[in-house]
Amino acid sequence: MTDSATTATAPVADWVTIVDLYTDPFPIYRRMREESPVHWVPAVNRYLVTGYDACHTIDNDQETYSADESGSLMKRAVGHSMLRRDDPRHLDERKSYGGVLKPRAIKQHWNQIFDENCRVQLDRLLAIGPGADLVWDFCAPYAAENLRQVMGLVNATNQDLQRWSQAMINGAGNYSDDPLVWAESERAFDEVDTALDEILPLLRRNPDHSLLSQMAASPIAMDSIRANMKMTIAGGINEPRDLLGIAVWGLLTRPEQRALVAADPALYSLVFDEAARWVAPIGMYPRETTRETVLGGIELPRGAHLGVVVGAANRDPSVFENPNTFDITREKKPHQAFGGGTHFCAGAWVARASVADVALPHLFNVIPTLRPHPDRPAREEGWVFRGMTSLPVDWDRSTVPAFPGSPS
Ligand code: HEM
């Protein structure tokens, strides 16, 4: 950050710490938003943008707010993917994904696979029994298995994918520059490269419906394929895992809303969006100004590093009434959990299908007495990436029916 950046007119939030953000960012966001939509935050060495309108402006103006941030942690963690490029190069790379993550492919191929994966993971959860941790014994392996198959990374295990995803995402969110976090992230980076080198030639000879098969046939340079596949592993597991965990937590702690959904399963789609609004799995993503500008009344210099805090925008009371409350009956308004503009999440349909159409209805149908564990507290943590980090659950064994059709 240049000296001129620190002399801009943004209020300075020198009271914000990374530890407090990680523990519970929402009171911090509220205090910041009440003062100004944009602050300079020394603890994270960037401006944090917490107002709904200001975040929306950034997403829709890539000429002023570039995704290609200098010194980007994401670029260091996974390489230079489409996520940190601007158009037209970004669009070329995005087009290289073809229709693999889109609704038609989901309907034709992936829904059935998500359904099978859900049955397997539910059987596993039931076998572990009451006391299981829903995040690690269901949400994480389910999300990893879905992505493993959508990507076609059949030469890696479910556990490999979970470890790679977490290690690279920890790197991308390593704002405190912890060397141990970088070491893990670099190890994952190398292991993914090895797996790609092994599988891509096979898929060139035997194409299938997977994303890697699509990439194997694309004219995109190998470096970009590597970076985009790593970015997709990083974002394609943890975010659906976290959204699923938050959605379950929202319903477990609000019995009246759970009853509404039980009576009308079409409402799981609202649960999905409300959970994404309430606790955005990607709470903050970066941008950099390409010229001097004014955002939400705040002057920004050229080269200013910004954090687009969609986790805060989604709780802006000027848009969402009682924003801190999980409420599936609230007036429908667009949240920003999947970003916006040219970088709108390419996996949003996969996330919706796997979480809202498959996992949530199956989970609550099969375990109708699911509830938080009485003795072991649930934990919700993070700010750059946020979700349930532990959700111990309990249920009445006697009320769990057999789950027909599970592959043995
Ligand atoms: C609940 C689940 C998910 C959430 C909340 C989420 C959120 C986001 C957000 C906020 C962005 C934009 C970030 C930025 O502009 O810097 C993004 C981009 C992206 N996401 Fe997701 N994501 C989810 C699931 C997935 C899944 C399952 C996949 C893959 C199967 C995926 C693939 C991507 C890709 C490829 C991009 C880059 C798009 C581009 O740059 O044009 N995401 N996601």
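The values are calculated or read from the model by the stated rules, or taken from the named source; none is laboratory data. None of these values were measured; they are calculated from a predicted model. Backbone-built Cβ (ideal geometry, glycine too); neighbour counts: all protein chains shown. Ligands, DNA and RNA are excluded from the accessible area calculation, which covers all protein heavy atoms including side chains. Shrake-Rupley method; radii C 1.70, N 1.55, O 1.52, S 1.80 Å.
On the beta carbon distance between ARG371 and ASP178, with R0 = 45 Å, the FRET formula returns roughly 0.80. Each listed q (0.10, 0.14 Å⁻¹) maps to a log10 I(q)/I(0) for segment 3-398 from the Debye sum over equal C-alpha point scatterers, namely -0.65, -1.29.
Since only GLY387, ALA183, VAL19 are under comparison, the one whose Cα sits farthest along the positive direction of the charge dipole of segment 3-398, derived from C-beta charges on Lys, Arg, Asp and Glu, is GLY387. Label-to-label distance for THR342 and SER390 is 4.4 nm, based on points extended 7 Å past Cα in the beta-carbon direction. Straight-line cross-link partners of LYS102 among the lysines, defined as a Cα under 25 Å from its Cα and at least 8 positions apart when in the same chain: LYS230, LYS332, LYS333. Measuring nothing but alpha carbons in segment 334-407 and taking Rh as the Kirkwood radius, the Rg to Rh ratio lands at 1.07. A straight chain from HIS209 to ASP24 at 0.36 nm per residue would run longer than the Cα-Cα distance by 62.5 nm.
Report in % the part of the accessible area of the chain that belongs to carbon and sulfur, leaving out ligands and nucleic acids; probe 1.4 Å. Percent of accessible area from carbon and sulfur atoms in the chain: 52. Calculate, in whole percent, how much of the Cα-Cα pair population of segment 166-239 lies beyond 15 Å. In whole percent, the long-distance tail amounts to 58.
With the cut-off at under 14 Å, measuring from each backbone N in segment 370-384 to a point 7 Å along the Cα-to-Cβ line of TRP15 picks out no residue. In the chain, the calculated helix contribution to ellipticity at 222 nm averages -14000 deg cm²/dmol per residue, counting -39,500 (n - 2.57) for every DSSP H run with n ≥ 4.
Cross-link partners for LYS95 among the aspartates and glutamates, with Cα-Cα distance under 12 Å and sequence neighbours closer than 8 places in the same chain left out: ASP87. Provide the gained length on full extension for the span THR399 to THR329, in nm with one decimal, where the gain is 0.36 nm per separating residue minus the Cα-Cα distance. Gain on stretching THR399 to THR329: 22.3 nm.
Eigenvalues of the alpha-carbon gyration tensor of segment 1-131, scaled by 5 and square-rooted, set the equivalent ellipsoid semi-axes at 37, 25, 14 angstrom, largest first. From the alpha carbon centroid of segment 152-221 to that of segment 374-388 is 26 Å.
Take the Cα of GLN159, step 7 Å toward its Cβ, do the same at ASP123, and the gap between the two points is 2.0 nm. Rg and Dmax over the alpha-carbon atoms of segment 140-179 stand at 11.8, 34 Å.
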